[in-house]
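Accompanying notes for the structure given below.
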Amino acid sequence: MNTNVGRYGFWVDAYIGEPIAYDELVTDLSQVDIVYLGERHTLKRHHDIQQKIITELILKDKHIILGLEQFEAFQQPIIEKYNRSEITLDQLTEQTDWPSRWSNYLDYCDIVKAVHDAGGEVVGLNARQEIVRKVARKGMDSLTNEERNELPVEIDTSNESYRQHMNNTMMVMAHVKNNPDMLDRMFTAQVCRDEMMAESLYKAIKSSEKQNSIAVVLCGSGHLIHGSGIPSRLKRRLPNLKDRIVVLSGSGDVELSKSMQAMSRDVKTSHQQLKCFETPVADYLHVVNLDGQLDKY
């Protein structure tokens, strides 16, 4: 069985703890209701893998509902014009102000076009960024009625394992050190995104009338790990949903800009800290050897 083990990237079934052949992976993904593809936003390798998996699912005659963190839910009326081929991708980009609202939007254009050309549909998932930033800076109580009504009714911040992990992750930002109030607001802002994306997915899945549909979500891995972000909240809405979580490793490829380096500090997440979770980080992992580059997958 070819698992692409060696200096190339390879796939791991996190529940079994063994490498899995790519064809077996795709076959399993094609048999569920929703596939989450967790990414590091600016890694081209991740977007290449996402597009390859989506193409494989299209070839299996799946109708793709492409959920994107990289679009915001309030933009869906414009996105629907694109889904109906009333506007072009360039017009969609312009009318949603995508370049300003998501800096590396070009990394997703080929994927969006491939889904559209195959007759699939695109769904904007995210909460409005201005609202999320306001929650992170001033808290939920600072929102106007109009802003609060744009978010789902339930914003569930009760998952303490998720909170502990996100707090440790957010400590990479130097200005939040020893500031529990800020950490609490930032975690609530993260949950606002999770709940909004789950709500948007719920609406898209319930309203789709296409046969043989599968939802595929592109989002940062932090919204997926251990099923605590979007997946658990979508399952609260659709308990019988069958899903798979796929996380693509950074494998040392992430590079911070000088401005980001200036705002950051080193944070180590220990193995013991992750023991608070009862499930693996994902169903499947894509891993690259630290001393090699990905040549194929």
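The values are calculated or read from the model by the stated rules, or taken from the named source; none is laboratory data. Note that this is a predicted model, so its numbers are computed, not measured. Ideal geometry is used to build each Cβ from the backbone, glycine not excepted, and the neighbour counts take in all protein chains shown.
Checked across the stretch 115-129, the condition of being surrounded by 16 or more Cβ atoms within 10 Å (Cβ to Cβ), touching a helix residue (DSSP H, G or I) at 6+ places or on another chain (Cβ under 8 Å) and of a type in the set (Asp, Glu) holds for at least one residue.
State whether the residues of the stretch 81-88 include one that is touching a His at 6+ places or on another chain (Cβ under 8 Å), under 25 Å from Gln211 (Cα atoms) and in a helix (DSSP H, G or I). Yes, there is a match, as at least one residue in the stretch 81-88 is touching a His at 6+ places or on another chain (Cβ under 8 Å), under 25 Å from Gln211 (Cα atoms) and in a helix (DSSP H, G or I).
Whether a residue is loosely packed, with under 15 Cβ neighbours inside 10 Å and within 20 Å of the chain's Cα centre (by Cα) was assessed, and Asn104 passes this test.
For residues in the stretch 27-76 being among the small types (Gly, Ala, Ser) and surrounded by fewer than 23 Cβ atoms within 10 Å (Cβ to Cβ), which is farthest from the chain's Cα centre (by Cα)? Within the stretch 27-76, the match that is farthest from the chain's Cα centre (by Cα) is Ser30. Cβ-Cβ contacts under 8 Å between residues 6 or more apart (or on different chains), taken from a first residue in the stretch 131-158 that is surrounded by 11 or more Cβ atoms within 10 Å (Cβ to Cβ) to a second residue that is part of a loop (DSSP other than H, G, I, E, B) and among the acidic types (Asp, Glu), are listed as Ile131/Glu150.
Table: residues versus (1) in contact with a Pro (Cβ under 9 Å, 6 or more places away or on another chain); (2) within 30 Å of Asp110 (Cα to Cα); (3) at pLDDT 90 or above.
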{"residue": "Leu151", "(1), (2), (3)": "no, yes, yes"}
{"residue": "Thr157", "(1), (2), (3)": "no, no, yes"}
{"residue": "Glu160", "(1), (2), (3)": "no, no, yes"}
{"residue": "Met170", "(1), (2), (3)": "no, no, no"}
{"residue": "Lys177", "(1), (2), (3)": "no, no, no"}
{"residue": "Gln211", "(1), (2), (3)": "no, yes, no"}
{"residue": "Gly222", "(1), (2), (3)": "no, yes, yes"}
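Kindly check whether there is at least one residue in the stretch 62-77 that is in contact with a helix residue (DSSP H, G or I) (Cβ under 8 Å, 6 or more places away or on another chain) and assigned to a loop (DSSP other than H, G, I, E, B). I'd like the intermediate steps shown before the answer.
Taking the stretch 62-77 and keeping what is in contact with a helix residue (DSSP H, G or I) (Cβ under 8 Å, 6 or more places away or on another chain), we get 64-73, 76.
Remaining after also requiring assigned to a loop (DSSP other than H, G, I, E, B): none.
There is no residue in the stretch 62-77 that is in contact with a helix residue (DSSP H, G or I) (Cβ under 8 Å, 6 or more places away or on another chain) and assigned to a loop (DSSP other than H, G, I, E, B).
Going through (1) at pLDDT below 95; (2) within 26 Å of Arg233 (Cα to Cα) one by one, Asp13 falls short only on (1).
For the stretch 29-45, which positions are in a helix (DSSP H, G or I) and in contact with a Ser or Thr (Cβ under 9 Å, 6 or more places away or on another chain)? Steps first, answer last, please.
Applying the first criterion (in a helix (DSSP H, G or I)) to the stretch 29-45 yields 29, 44-45.
Residue satisfying the conditions is Arg45 alone.
Out of Ser200, Ser207, Ser228, I need the residue that is buried (at least 18 other Cβ atoms within 10 Å of the Cβ), hydroxyl-bearing (Ser, Thr, Tyr), within 30 Å of Ile54 (Cα to Cα) and modelled with pLDDT under 95. Which one?
Values: Ser200 fails: modelled with pLDDT under 95; Ser207 fails: buried (at least 18 other Cβ atoms within 10 Å of the Cβ).
The unique qualifying residue is Ser228.
Yes or no: the stretch 123-144 includes at least one residue that is under 21 Å from Gly227 (Cα atoms), polar (S, T, N, Q) and at pLDDT 95 or above. Looking through the stretch 123-144, at least one residue is under 21 Å from Gly227 (Cα atoms), polar (S, T, N, Q) and at pLDDT 95 or above. Scanning the stretch 220-239 for residues that are under 20 Å from Ser30 (Cβ atoms) and in contact with a His (Cβ under 9 Å, 6 or more places away or on another chain) yields one hit, Pro231.
Selection of first residues in the stretch 46-61 that are more than 13 Å from Val246 (Cα to Cα) and of second residues that are among the hydroxyl-bearing types (Ser, Thr, Tyr) and surrounded by 17 or more Cβ atoms within 10 Å (Cβ to Cβ), restricted to Cβ pairs under 6 Å at least 6 apart or on distinct chains, gives the following pairs, ordered by first then second residue: Leu57/Ser30; Lys60/Ser30. Inspection of the stretch 19-33 finds a residue satisfying the criterion of being touching a Phe, Trp or Tyr at 6+ places or on another chain (Cβ under 6 Å), modelled with pLDDT of 95 or more and under 13 Å from Ile245 (Cα atoms).
Going by the structure shown, is Gln51 of a type outside the set (Gly, Ala, Ser) and either touching a strand residue (DSSP E or B) at 6+ places or on another chain (Cβ under 8 Å) or outside any helix (DSSP H, G or I) (or both)? In short, no. Among the numbered conditions (1) touching a residue at least 12 places away in the same chain (Cβ under 8 Å); (2) touching a Ser or Thr at 6+ places or on another chain (Cβ under 9 Å); (3) under 21 Å from Ile225 (Cα atoms), the only one that Glu18 does not meet is (1). Against the definition (within 21 Å of the chain's Cα centre (by Cα), crowded, with 18+ Cβ neighbours inside 10 Å and of a type outside the set (Lys, Arg)), how does Thr96 come out, yes or no? Yes; evaluated as a whole, the condition is true for this residue.
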